[in-house]
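Report on the following structure.
The values are calculated or read from the model by the stated rules, or taken from the named source; none is laboratory data. All values derive from a computational prediction rather than experimental measurement. Neighbour counts run over all protein chains shown; Cβ positions are idealised from the backbone, glycine included.
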2 protein chains.
Amino acid sequence: MRLLLVEDDNHVAAALSAVLARHGFQVTHARSGEEALQALVPEGDGFGVVLLDLGLPDQDGYEVCGKIRKRTGTPVIMVTARADVRSRIHGLNLGADDYVVKPYDTGELLARIHAVSRRTVHEDPVTGGESALLLGPVRIELPTRQVSVDGAVVQLTRKEFDLLALLAQRPGVVFRREQIISEVWRTSWEGTGRTLEVHVASLRAKLRLPALIETVRGVGYRLVAPAA
Amino acid sequence: MRLLLVEDDNHVAAALSAVLARHGFQVTHARSGEEALQALVPEGDGFGVVLLDLGLPDQDGYEVCGKIRKRTGTPVIMVTARADVRSRIHGLNLGADDYVVKPYDTGELLARIHAVSRRTVHEDPVTGGESALLLGPVRIELPTRQVSVDGAVVQLTRKEFDLLALLAQRPGVVFRREQIISEVWRTSWEGTGRTLEVHVASLRAKLRLPALIETVRGVGYRLVAPAA
DNA sequence: ATCACATCTGAGGGAGATCTGAGCATCACG
DNA sequence: CGTGATGCTCAGATCTCCCTCAGATGTGAT
């Protein structure tokens, strides 16, 4: 699995990289928030997890985490010397998946990396070998984030795509609103507005298949399974 | 979101339940590993997360975690006084999603609960194939919320479905009216009107099997078990 | 800095779902 | 068979939830 290590101290990074590599990770090293964000392109960067040190030279680590969250759904483990509860809560609420305080035990860090990545069903179980989901006239390519209807490419925004991809993973299954929000937005934020509806609406409009996404009143949404 | 709290100390449980409830969780309390496992039915137990105390009276907490893992995909957060690294690693490697050491900060626990549930793809890898309840001619699919009678799909509203799903979880067992109301309506509101009857009636009508739901005078309702 | 575009928020409206109340049917029991 | 209690039916009234639209805010690129 590929792992992005964001750490400004070269010595620390080298040592940790070695350990991680020994445990089967393919490590990419970024020395600053800027570098990290460049590596994390929205279109399939392929990273399974990000280890984010908060003490960065160029920008605030929390900000970087927020930006990562807006850009990709890749899980983030914050690694930092800031041990106080306030910082931890702040970090977790920004969308971090775990928060590890320095100095940490390497074994525990590994266990936590595994725990986090275990949960991240990137594409394996659903797509198996195929990297594209087919739903009637709709074709969804996960790695390139391309969607086409009847062969015509449809340009979707990030959220629109994430939303569609989530629903498409299990056609017919009803996803609850809160579930969708937490999966697609990936940040603890009490969804108050009409945000979700708006995105659903624009998705329906762009796909020109209003019936594809079905509203389940009082519960959430689902993709109607194609007529076999 | 529903949350299963596994904790043998009633005082601790009560206090924590209160906090969690205030933050929008619907808490179910289990006092032992046995109770916990009973609550976690493979088909749609509906829990978003399990808080598992390791100091249980009846069995080893680690074992319980393993069993939960085998049974459902529900995320588990271990909560325990055992702070040593070895225990942590052990717990995480058993499939726990997070490991929180007592005494903990309530705010951090909440943040971690959110972080875990946020990253969870709600599914049951175990029951991946089929997870439908079958009762004679009636077929109830929890994840898709689809109900069919003799192969014909029946369109149910939210309450109708929830009601049917509740009764169907234990065919033959009589559910008391208050019990049904508190489960389906999720608010201990003194049901004064004919609300429940109306929904039962519309369910019976839609399923076209008036006999399926049996009225138990003075008590409540039950689903008649299929004729074996 | 400016622009284009993505995302979010709020108000208004409408379709269904849900609830209520009155009267009717049915059951248990003497 | 009469009687009270309990559950059922029916038809509005109400309320919840979702959709649309239009503009505000934020973000990234030029």
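Numbers at a glance
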{"item": "Cross-chain or 6+ apart pairs with Cβ under 7 Å, the stretch B:101-115 first and more than 7 Å from chain A (Cβ to nearest Cβ) and closer than 11 Å to A:V85 by Cβ, then part of a helix (DSSP H, G or I) and of a type outside the set (V, I, T)", "result": "none"}
{"item": "Residue among A:D162, A:D150, A:D124 that is of a type outside the set (F, W, Y) and at pLDDT 90 or above", "result": "A:D162"}
{"item": "Selection from the stretch A:46-74 of residues that are in contact with a Gly (Cβ under 8 Å, 6 or more places away or on another chain), surrounded by 19 or more Cβ atoms within 10 Å (Cβ to Cβ) and more than 23 Å from A:N10 (Cα to Cα)", "result": "A:T74"}
{"item": "Entirely in the stretch A:130-228, the strands (runs of 3 or more DSSP E) that have 3 or more residues that are more than 16 Å from DNA strand C (Cβ to nearest atom) and either within 12 Å of another protein chain (Cβ to nearest Cβ) or out of contact with any Cys (no Cβ under 9 Å at 6 or more places or on another chain) (or both)", "result": "A:132-135, A:138-141"}
{"item": "Which listed residue is crowded, with 20+ Cβ neighbours inside 10 Å and within 12 Å of DNA strand D (Cβ to nearest atom), from A:V198, A:V174, A:V219", "result": "A:V174"}
{"item": "Failed item, numbered, when B:T80 is tested on (1) closer than 19 Å to B:S117 by Cα; (2) more than 13 Å from the chain's Cα centre (by Cα)", "result": "(1)"}
{"item": "Unique match (being without any contact (Cβ under 8 Å) to a residue 12 or more places away in the chain and farther than 15 Å from B:Y104 by Cβ) among B:A39, B:A14", "result": "B:A14"}
{"item": "Pair list, Cβ under 6 Å, 6 or more apart: the stretch A:70-96 residue more than 9 Å from every other protein chain (Cβ to nearest Cβ) and in a loop (DSSP other than H, G, I, E, B), other residue surrounded by fewer than 18 Cβ atoms within 10 Å (Cβ to Cβ) and of a type in the set (G, A, S)", "result": "A:L94/A:G66"}
